[in-house]
Amino acid sequence: MRWLNKLPQSIRSASGLEWALWRKLPLIALAGTALPLLGLALYHAGADAGNPAEARALHLADFIVFGVIVFHWTLVITAAIGCVVVMVMKGPAYVADGLDVSHSEQPRTDL
């Protein structure tokens, strides 16, 4: 059994920005992950971990970079969901199996 059935006279809309963004999302995700990690690695390389104040600052920087990366992934996933929604909306029309309603022809009055 098929999940959804295409309507016979439905048409597809022209693709737009969603496909361009969809193709760039892996690169955006990779760059948004690699750049903060590169900055953190450079910060770790130049810092003196023996100093307690530096060690605390390094630890804080680790948490900040982790938060930035998770926030970036959340934005990328949200953009991907938006692209998929637009692709489905611009595609051919689908219909699910209809269910007959018992009172569709004669509305119930006892409500």
How many angstrom lie between the C-alpha centres of the range 59-75 and the range 33-47?
12
Tally up the carbon and sulfur contribution to the accessible surface of the range 1-98 as a whole percent, 1.4 Å probe, everything protein left in place.
73
Could you calculate the contour length gain from Thr78 to His44, that is, 0.36 nm times the residue separation minus the distance between their Cα atoms, to one decimal place in nm?
9.1 nm
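The values are calculated or read from the model by the stated rules, or taken from the named source; none is laboratory data. As the structure is a prediction and not an experimental result, all values here were calculated from the model. Heavy atoms of the whole protein, side chains included, go into the accessibility calculation; ligands, DNA and RNA do not. Shrake-Rupley method; radii C 1.70, N 1.55, O 1.52, S 1.80 Å.
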